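The values are calculated or read from the model by the stated rules, or taken from the named source; none is laboratory data. What you see is a predicted model; the values in this text were computed from it and never measured. Don't worry about glycine lacking a Cβ; one is built from the backbone with ideal geometry, like all the others, and counts go over all protein chains shown. Surface areas here come from the heavy atoms of the whole protein model, side chains and all, with no ligands, DNA or RNA. Shrake-Rupley method; radii C 1.70, N 1.55, O 1.52, S 1.80 Å.
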Amino acid sequence: MKIIALVDPLWGGHHTAYLRIFSETLINKGYTVWCFKPVEETLEKWIADVHPEWTEDQISTFNYSLPDKTFTSLKRFNEPASTLFRWRHLHNAIRQAEKKYRKKVSHVFIAWVDSYLSGYLVPFLLDIVFPYYWSGLYFHPRHLRTSVNRLKPTPSPSDIDIALSAKKCISIAIHDEGILEMFKQRTKKNVVLFPEIADATPADKNDKIAQQIQKKANGRVVIGAIGLHRHQGLLTLLRVAKNASSERFFFVFAGQFTPSHFPDDELNEIYSVFNNLPENFFVYLDRLNEGSQYNAVFSALDIPFLVYDNFTSSSNRLTKAAIFQKYVLAQETFCVGEDVKKYHLGETVEAGNVNQCIKAIDVLYHKIKNEPLPTDIFETYSQLHSVERLGERFDALLNKQTV
């Protein structure tokens, strides 16, 4: 069987979910998977619990993380030198696994290739340092959204995606449908649109947090965010909640909150509310476990809030909203906004515009209360971003080279 080295140097959240799903998909296609990931036992426990039938001929796991070494004396070449060292470090990890099993890897798939890209990362040097055929999932190709008018038709040496010009780079996977053709022309590579998968585990009907939300909402339309990072529009949602009708709307703020991500004036505004909560607010400042708990709280929302601030990439919360058949309120620009408008998944507004948000939730309120849910629309989008579709996408990605 052909061996695929599946690599992710990071852990937690979607990294955990994706390694499980990617492993499952590749094994079902007949590949042997060598999974290189941080020193955690979560993946191993999941395999033991969910797939005890898998043998060593189907999957092996290896402890791997990004090296600590960085270069600091090479000026503008510090980052490319440090990144090239990451490739060398990965090469060594794979080579040790090959020696252990006396087998050769056919292809390397990096599930988070963002950590291996840098300007001035010379492609021919990369081919020498990392001699394997490889592909990767590029989560945040922001430059194709924010700097497109300044980019040349092909990557320049200083561009972050210059490494994708390496001969050993066979394919690139992205989530952003709006830049697919542009990226193909720019890289002259096989660029594959990967589904933005979301965990569809059935919600825990006994989850106490979800039950509290439903009880306190008392029939009101529930608008909320799971994820309270600054770029996720926390401050915008807070201002909307303060100005919206408390008789019709109930607002949920859930997830880890990191005060250091906010400037002092914004932090003071947030604390002034969180320390004296209005009756139609619910706050839970802790991480929700991926799976049944997360989905229970998500299912308690009528309108997931996706009005992100200057966020160019995709969001699997949009997929999750389609799975659980929820309208969303989203930013009008970039990947998320384009998908919401194209597939009619909710309402879009200008990021940070409180007045537009309030008008939009009024529109959604009317739809929720007076119109049948467009289940066919939600099903279409969830299928486009389903695990079932992932198999064919891997075929498109790997068929260029798996010998």
Say the dipole of region 264-403 comes from +1 at the beta carbon of Lys and Arg and -1 at that of Asp and Glu; which of Phe324, Ser314, Leu390 then lies farthest toward its positive end?
Leu390
Report the relative contact order of region 244-403, percent, no decimals, based on alpha-carbon pairs under 8 angstrom and at least 6 residues apart.
16 percent
Looking at the square roots a ≥ b ≥ c of the eigenvalues of the Cα gyration tensor of region 276-389, which shape do they give, rounded for a/c under 1.5, prolate if a/b is larger than b/c, or oblate?
rounded
Read phi for every residue in region 45-58 and hand back ³J(HN,Hα) as whole Hz from Karplus 6.51 cos²θ - 1.76 cosθ + 1.60, θ = phi - 60°, with x for Gly and Pro.
5, 4, 4, 5, 7, 9, 10, x, 7, 5, 9, 5, 6, 9
What is the helix-to-structure angle for 14-28, meaning the angle in degrees between its Cα long axis and the longest Cα principal axis of the chain, kept from 0 to 90 and rounded to the nearest 10?
60 degrees
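Suppose we take every Cα in region 323-403 and form the convex hull; what volume per residue is that in Å³?
Numbers: hull volume 8.4 nm³, N = 81.
Per residue, the Cα convex hull of region 323-403 comes to 104 Å³.
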Rounded to whole Å and ordered largest first, report the semi-axes of the equivalent ellipsoid of region 48-128 derived from its Cα gyration tensor (root of 5λ).
31, 14, 11
Label point 7 Å out from His231 along Cα-to-Cβ: which residues of region 332-361 have amide N under 13 Å?
335-336
Difference of contour (0.36 nm per residue) and Cα-Cα distance, Asn310 to Tyr101
70.6 nm
Of the residues His51, Phe282, Leu373, the Cα lying farthest along the dipole of the chain towards its positive end, which is defined by charges on the beta carbon of Lys, Arg, Asp and Glu, belongs to His51
Go through region 281-297 residue by residue and turn each phi into a ³J(HN,Hα) via Karplus (6.51, -1.76, 1.60, θ = phi - 60°); whole Hz please, and just put x for glycine and proline.
10, 9, 10, 9, 9, 7, 6, 9, 5, 4, x, 5, 6, 4, 5, 5, 5
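Rounding to the nearest 20 debye, state how big the charge dipole of region 41-114 is about its Cα centre with +1 on each Lys and Arg Cβ and -1 on each Asp and Glu Cβ.
Working: 12 positive and 10 negative charges, 140 e Å.
Taking the Cα centre of region 41-114 as origin, the dipole is about 680 debye.
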Is there a pair in Lys205/Lys367; Lys29/Lys342; Lys205/Lys341; Lys2/Lys184; Lys69/Lys184; Lys242/Lys369 whose C-alpha atoms are over 24 Å apart, and which pairs would that be?
Lys205/Lys367; Lys29/Lys342; Lys205/Lys341; Lys2/Lys184; Lys69/Lys184
Taking the alpha-carbon centre of each part, the distance from region 132-164 to region 205-254 in Å is 37 Å
Take the alpha carbon gyration tensor of region 168-294, find the square roots of its eigenvalues, order them as a ≥ b ≥ c, and report rounded if a/c is under 1.5; if not, report prolate when a/b exceeds b/c, else oblate.
prolate
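Add -39500 (n - 2.57) for each DSSP H run of 4 or more in the chain, then divide by its residues: what number comes out at 222 nm, to the nearest 500 deg cm²/dmol? Walk me through the intermediate numbers first.
Numbers: 15 runs with 163 residues, N = 403.
So the calculated ellipticity at 222 nm is -12000 deg cm²/dmol.
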Within region 183-224, find all residues whose amide N lies under 17 Å from a label point positioned 7 Å from the Cα of Leu151 along Cα-to-beta-carbon.
183-194
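Quick check on region 89-238: take the gyration tensor over C-alpha atoms, sort the square-rooted eigenvalues as a ≥ b ≥ c, and tell me if it's rounded (a/c under 1.5), prolate or oblate.
Working: a/c = 2.96, a/b = 1.66, b/c = 1.78.
Oblate shape, in that a/c is at least 1.5 and b/c is the bigger or equal ratio.
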If you stretched the chain out fully between Asn276 and Glu177, how much longer would it get, using 0.36 nm times the residue separation minus the C-alpha to C-alpha distance?
31.4 nm
Rounded to two decimals, the Rg over Rh value of the chain from Cα coordinates and the Kirkwood Rh reads 0.99
For region 308-319, in residue order, the Karplus 3J(HN,Hα) values (coefficients 6.51, -1.76, 1.60; θ = phi - 60°; whole Hz; Gly and Pro = x) are 7, 9, 6, 9, 8, 8, 7, 9, 6, 5, 5, 4
Area of Glu53 that stays accessible when all protein chains are in place (1.4 Å probe, Å², to 10):
110 Å²
Helix 78-101 vs. the chain, principal-axis angle (Cα, 0 to 90°, nearest 10)
70 degrees
Rounded to the nearest 10, the angle in degrees between the Cα long axis of helix 208-217 and the longest principal axis of the Cα atoms of the chain comes to 30 degrees
Can you list the residues, at least 5 places off or on another chain, whose amide H is less than 5 Å from the amide H of Thr348, using H built in the peptide plane?
Ala330
For Ile59, what residues show an amide H to amide H distance below 5 Å, using hydrogens built from the backbone and excluding near sequence neighbours?
Val33
Near the amide H of Phe250, under 5 Å away, which other amide H atoms are found, from residues 5 or more places off or on another chain, if H is placed in the peptide plane?
Val221, Val222, Ile223
Quick check: residue separation of Gln383 and Phe124 times 0.36 nm, minus the Cα distance between them. What number comes out in nm?
89.3 nm
